[in-house]
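Novice: My structure is below; once you've seen it, I'll send some questions.
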Amino acid sequence: MSAGEKDPEQPDQGRDAAAPAHRHIRSFAMRRGRVTQAQRRAVLEVLPRLALAYRPEPLDLAVAFGRDAPTVLEIGFGMGETTAAIARARPDVNCLGVEVFAAGVGALARRIDELQLHNIRIVQHDAVEVARDMLAPDALAGVHVFFPDPWPKARHHKRRLIAPPFVALLAGRIARGGYLHCATDWQHYAEQMLAVLAAEPLLRNLHEGYAPTPDNPLVSRPTTKFHARGERLGHGVWDLVFLRR
């Protein structure tokens with residue numbers, strides 16, 4: 001591809017960030033995962049009252065949650081352990097979770113039912129499209145991107161979620177004074193995240209380099225079983241917290 005040609009998989013930087021027309025490289029691979037009976041039951045019985053369908057139009061968050069409160073977006077919530085813990089600790093905050101995998105959606109729905117949480121809504125869809133199409137500028141108080149797929153092979157690095165176009169999109173969806181909190185246990189990805197976030201003009205680093213792990217003065221990231229297992233195996237964990245200017 002010559003320098004003047006446009007990669008059809010990359011966002012068109014000349015378009016408005018909210019426009020639904022451009023394609024993007026997906027940061028996830030649609031693999032089959034085992035869905036347990038309990039998760040399947042939660043999807044059938046609990047999810048209907050929590051789910052928000054993807055639509056290429058701005059979402060009214062006050063209507064979606066039944067109240068007007070600060071909203072935090074969590075991208076790729078996995079099995080929902082962190083999402084549920086944060087929602088339980090912060091009942092004053094609306095938690096909008098986005099995940100593509102059915103097992104994770106079912107697991108979070110089950111946790112929500114067991115803990116009787118009322119401040120979580122779920123969108124089962126591609127997070128890039130949700131942020132681009134469903135969230136208005138300055139709509140969010142914060143964004144969490146915890147342990148996204150690191151795509152460790154060099155030829156797959158282009159699939160990493162934390163890349164300049166998406167960070168620019170997220171920054172525009174966060175209100176002034178809000179935050180973007182990322183975490184990874186892959187050092188190379190942490191280094192890339194730091195470089196990408198530091199280069200975004202709408203963001204400023206709350207710390208010098210990486211943030212204290214897992215607590216910092218702005219937001220607490222609960223230590224999950226995944227995190228604890230990594231620490232036992234000697235894996236490092238890197239957090240980054242950037243504020244919206």
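The values are calculated or read from the model by the stated rules, or taken from the named source; none is laboratory data. All values reported here derive from a predicted model rather than from experimental measurement. Backbone-built Cβ (ideal geometry, glycine too); neighbour counts: all protein chains shown. These accessible areas exclude ligands, DNA and RNA; they are computed on the full protein's heavy atoms, side chains included. Shrake-Rupley method; radii C 1.70, N 1.55, O 1.52, S 1.80 Å.
Novice: Looking at (1) surrounded by fewer than 15 Cβ atoms within 10 Å (Cβ to Cβ); (2) within 19 Å of the chain's Cα centre (by Cα), find the lone condition where residue 59 falls short.
Specialist: (1)
Novice: In the range 214-237, how many residues are of a type in the set (A, V, I, L, M, F, W, C) and at pLDDT 65 or above? Spell out the reasoning first.
Specialist: Let us first name the residues in the range 214-237 that are of a type in the set (A, V, I, L, M, F, W, C), namely 218-219, 226, 228, 233, 237.
Now drop any that are not at pLDDT 65 or above, which leaves 228, 233, 237.
Residues that pass the stated criteria total 3.
Novice: For a quick check of your reading of the model, give me the residue pairs whose first member lies in the range 76-91 and is under 13 Å from residue 107 (Cβ atoms), whose second is among the basic types (Lys, Arg) and buried (at least 19 other Cβ atoms within 10 Å of the Cβ), with beta-carbon atoms closer than 6 Å and at least 6 apart or on different chains.
Specialist: As it stands, the answer is 80/111; 84/111, since those pairs meet every condition given.
Novice: Touching a Leu at 6+ places or on another chain (Cβ under 8 Å), modelled with pLDDT of 95 or more, closer than 19 Å to residue 90 by Cβ and not hydrophobic (A, V, I, L, M, F, W, C) - does that describe any residue in the range 180-191?
Specialist: Within the range 180-191 (the criterion being touching a Leu at 6+ places or on another chain (Cβ under 8 Å), modelled with pLDDT of 95 or more, closer than 19 Å to residue 90 by Cβ and not hydrophobic (A, V, I, L, M, F, W, C)), the answer is yes, since at least one residue qualifies.
Novice: Can I ask one more? For the range 180-191, give me each residue that is within 20 Å of residue 231 (Cβ to Cβ), open to solvent by less than 10 Å² (accessible area, probe 1.4 Å) and either more than 16 Å from the chain's Cα centre (by Cα) or not β-branched (Val, Ile, Thr) (or both).
Specialist: Within the range 180-191, 181, 182, 183, 189, 190 meet the criteria.
Novice: OK, next. Give me the pairs, please: first residue somewhere in the range 52-70 and at negative phi, second residue anywhere and in a helix (DSSP H, G or I) and charged (D, E, K, R), beta-carbon distance under 6 Å, and either six or more positions apart or on two chains.
Specialist: 56/133
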